[in-house]
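Heads up, the thing below is written out as structure tokens.
Taken together, the values in this text are just the output of simple stated rules run on the coordinates, not laboratory data. Keep in mind it's a predicted model, so treat the numbers as computed, not measured. As a convention, Cβ positions derive from the backbone with ideal geometry for all residues, glycine included, and neighbour counts pool all protein chains shown.
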Amino acid sequence: MIHLVRRAGDEDGGVLSELAAEPCVTPLPLRIRRAGNGNAIVEPPPPLEEPGTVVIPLRKGQAPPGEELLEALLCADCVARSSGHAVIALATYLDYARSDATGEDSGALGARTWVRLLETGAFGGVVVPGWHNPALQSLFSLPTASFEALAALAGAAIDHLPPGAWVVAPDLGRAATAAAIANEHKLRAGFIAKQALCGGVRAADGRGWPDDFEDAPVLVIDDEIDSGWTMARAVEWARAHGAGPIVVAATHCFASQRALGELRAKAGVRSCLTTRLGDWQRAARAGWEIAALGGRIADAIGCLPPPGAR
């Protein structure tokens, strides 16, 4: 049994609601109040009637940096001490600092600090949607599991395309993922060099990139859309080189509704898909389809080796 911790401020209708709808999941309300000095105080949860794993979601976008992680650590410590159950962290977004094209970072904690803080608490494992950078996984000493959100989303997106599609990554960072997805579905894969998006192109499998797609369907995948610029240029490039119907799939959408709508309306784009991991309501208003991941997340939690009760 999975006991899913819900806190005030958790989004209704998001990916946590998908997970909560799974038959193996029960909600575990957790109340947090503020002391006079502003410190958070976590009230012990009610006794758990069934054995299982307690899952505490890590939420994105808290300020100042690290505040959400510290609150989650308090929750994990409280649950572990009061119940003795295994406690797992569910990171639906890896909220650590990354540099953008301008060299500015998000102001969040660095990846190594983020991991070290997470491991100081009562957590016995971590579940993530996928490794934005595979090196991040090597920083963990805790057991980790991924529900491979991008691969799951790509599988749903491929159902929108006729046979013989190309799976395309808009930059080198997702090239290996595109190749793995293409190999699983017996398709062809490639990536567009981001630094030369309107020119230089390489094939992820080394077999060369066609001068003309000859009207073959194309699936463009990415794990995150921030402004929509890279994905829009990738779609334009594919269209200019003879792509047939195009489907766009990204697990996290943070771009404006206008940018997402413009991407959806581009010539040749048949459909756009995302998940509830990002700003899914904005994407839905822009005409994007939403793929569910609740079952995948529950399976990933079940794949973690059971940590010892704390």
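Descriptive notes on the structure:
- Full-extension gain in nm, GLU67 to GLU236, via 0.36 nm per residue minus C-alpha separation: 56.8 nm
- The range 150-292, Cα convex hull volume normalised per residue, Å³: 89 Å³
- Each of GLU22 and LEU117 was given a label point 7 Å from its Cα along the Cα-to-Cβ line. The distance between the two points is 2.7 nm.
- Between the C-alpha center of the range 237-273 and that of the range 1-60 there is a gap of 35 Å.
- Where labels lie 7 Å past Cα in the beta-carbon direction, separation of GLU289 and ILE32 in nm: 3.6 nm
- Using a simple spin-label model with pseudo-atoms 7 Å out from Cα toward Cβ, ALA265 and GLU49 lie 5.2 nm apart.
- Rel. contact order, % - alpha carbon contacts under 8 angstrom, at least six apart, the range 150-292: 22 percent
- 3J(HN,Hα) from dihedral phi, the range 123-131, Karplus parametrisation 6.51/-1.76/1.60, rounded to Hz, x for glycine, proline: 5, x, x, 9, 10, 10, x, x, 9
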